[in-house]
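Each reported figure results from applying straightforward, stated rules to the coordinates on display, with no laboratory input. These numbers come from a predicted model, not from an experiment. We place every Cβ from the backbone using ideal geometry, glycine too, and count neighbours over all the protein chains shown.
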Amino acid sequence: MKLLTKCNKAVDKEIKKSARAEAKEILALASEAEQQEFLNYHLKDQGNICCLVLDKLKRDLIKAGKLTKKDDDNFGKPMFLE
C-alpha cells in the first residue's frame with residue numbers, strides 16, 4: 001500500500017472530520033520522510049503529535065509558497081514554533 005494512502009487512512013482515524021481535507025492536502029504535498037513521520041506517530045498511538053507534525057508541515061508549506069494561509073485553517077499555527 002502506498003505511503004500516502006496509509007497516511008490518509010491514519011488521518012481518518014486521528015483527525016476530526018472537519019479538518020481531514022486540510023490534513024490530507026498537507027500530507028499530499030509533504031515529502032515521503034514527512035509522511036512517514038506522521039504515520040510513525042499514528043502507529044505509536046500519539047495522535048496529538050500527529051497534529052503537531054501537520055502544524056509544522058503546513059507552516060513550512062506556507063513559507064515555501066506551496067499553500068496559502070487562511071483564517072479558518074486548522075493547521076499551521078504551532079505556538080511553540082512562533
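Key figures
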{"read-out": "Debye intensity ratio I(q)/I(0), log10, the range 3-70, q values 0.12 Å⁻¹ (C-alpha model)", "value": "-0.25"}
{"read-out": "Residue order, fewest to most surrounding Cβ atoms within 10 angstrom, among 11, 53", "value": "11, 53"}
{"read-out": "The range 3-70, relative contact order [Cα under 8 Å, separation at least 6], %", "value": "31 percent"}
{"read-out": "For 43, 67, order by how many other beta-carbon atoms lie within 10 Å, fewest first", "value": "43, 67"}
